[in-house]
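In what follows, a single structure is set out as structure tokens and then discussed.
The values are calculated or read from the model by the stated rules, or taken from the named source; none is laboratory data. Quick caveat: nothing in here was measured; it's all calculated off a predicted structure. Don't worry about glycine lacking a Cβ; one is built from the backbone with ideal geometry, like all the others, and counts go over all protein chains shown. These accessible areas exclude ligands, DNA and RNA; they are computed on the full protein's heavy atoms, side chains included. Shrake-Rupley method; radii C 1.70, N 1.55, O 1.52, S 1.80 Å.
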Amino acid sequence: MTTEAVIVSTARTGVGKAYRGALNNTEGPTMAGHVMAEAVRRAGVEPDEVEDVVMGCAMQQGTMVMNVARKGAVRAGLPLTVAGTTIDRQCASGLQAIAVAARSIMLDGVEIAIGGGIESISLVQNDHMNRFHAVDDELMAMKPEMYMSMLDTAEIVAERYKIGRDRQDEYSLECQRRIGAAMQAGRFNDEIVPITTTMAVVNKDTREVSYQQVTLSKDEGPRPETTAEGLAKIKPVFEGKTITAGNASQLSDGASACVLMSDKTAAKKGLKPLGIFRGFVAAGVEPDEMGIGPVAAIPRLLKRHGLRIDDIDLWELNEAYAVQVIYCRDKLGIDPDKLNVNGGSIAIGHPYGMTGSRLAGHILIEGRRRKAKYGVVTMCIGGGMGAAGLFELVN
């Protein structure tokens, strides 16, 4: 009989604002360990039953360096017999980690594993970041677009496919409206585990840094009070262009973890899964328009599973910029009412390596609430890629 990989629990931190939010001084292993420990507790398994941990992280420097997955497992209090590995597929790292953990269960006999993602932008993407030999001159000569910023690629997509500022702001406003309603209804409560930590606070006048204990129990980014008039007043990052702080995701910190196990193990333990991992694909596109990546990945995923766009009940399409999700939604013909139903990263924020795992956990919980059957998590990826993961929801 074929072994299936099922997800039985998920846990995440609230998404913190980078540099000035609650997680701006929290080390990577501590953040990762916090969500791992809670995901294991929620799964109802013993720590020594976990065989392996796979965590995605896009910026493996500083606090995230030298295999933060293994360090996080130790920090979580898991026994030293539990292995760990950290992988990088940029913005799809957390989703990729879940896929790797699932495949180890389906193909290699692993009974219980953790898949998730983490990013500490505050402690990594700063003036201490290692930029020594950061650019390969030969690659730069061969394909300079590989080194383009995501902001530049978003403006290219906006110009190339004629997606104006007004449409980007309209989508962003809807994201804020949806997340406001979702927060009021408590639709993130089953995901988030509060974390008490030490936050660095900078005095605006003296620049002196002090530290205070804080507890993060919800996402810091959402601005449900946003109005169309307010968005329209925000200046674009580049004069005469379309991307603004209002129609782009904020820089963020956060961690997420899911416990996966074989369907046989879940049945033996009497556990009802949240869902079943069905597949993952990645696809490459031109680096200068990396935001269109899901358009290449989604058809490949659906074809392999004999499904059509209309067969999918819920879509979580991660976006760093509104223009990206607008293009992909329209190009593929995704029903807007099935897409990012509780808001998206424009409102919540996007800790690169964490987001794929956060979205997977959210689509499983929200899918059960809506009695859905299939959910797809998808995103564009720096360097010119797209990825998509298929989950069958268990109601």
| note | Here the qualifying pairs (Cβ atoms under 9 Å; residues six or more apart or on different chains; first in region 357-371 and within 15 Å of residue 337 (Cα to Cα) and touching a residue at least 12 places away in the same chain (Cβ under 8 Å); second open to solvent by less than 10 Å² (accessible area, probe 1.4 Å) and assigned to a helix (DSSP H, G or I)) come out as 366/182
| message | Given the condition touching a Cys at 6+ places or on another chain (Cβ under 6 Å), surrounded by 19 or more Cβ atoms within 10 Å (Cβ to Cβ) and of a type in the set (A, V, I, L, M, F, W, C), answer yes or no: does some residue in region 254-272 qualify? | response | no
| remark: Just one listed residue, out of 291, 270, 279, 275, is of a type outside the set (A, V, I, L, M, F, W, C) and over 24 Å from the mean Cα position of the chain (by Cα), and it is 270
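Here is a yes/no grid of residues against (1) in a loop (DSSP other than H, G, I, E, B); (2) in contact (Cβ under 8 Å) with a residue 24 or more places away in the chain; (3) open to solvent by 20 Å² or more (accessible area, probe 1.4 Å):
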site	(1), (2), (3)
167	no, yes, yes
178	no, yes, yes
190	yes, yes, yes
223	yes, yes, yes
230	no, no, yes
| query | Among the candidates 172, 149, which residue alone is closer than 17 Å to residue 321 by Cα, out of contact with any Pro (no Cβ under 6 Å at 6 or more places or on another chain) and open to solvent by less than 20 Å² (accessible area, probe 1.4 Å)? | reply | 172
| Which listed residue, of 107, 95, is closer than 23 Å to residue 8 by Cα, in a helix (DSSP H, G or I), at pLDDT 95 or above and open to solvent by 60 Å² or more (accessible area, probe 1.4 Å) | 107
| message | Residues to consider are 75, 103, 89, 42; find the one that is basic (Lys, Arg), under 20 Å from the mean Cα position of the chain (by Cα) and over 19 Å from residue 391 (Cα atoms). | response | 89
| Which number in (1) open to solvent by 60 Å² or more (accessible area, probe 1.4 Å); (2) within 23 Å of residue 119 (Cβ to Cβ); (3) part of a loop (DSSP other than H, G, I, E, B); (4) aromatic (Phe, Trp, Tyr) marks the one condition that residue 211 misses? | (3)
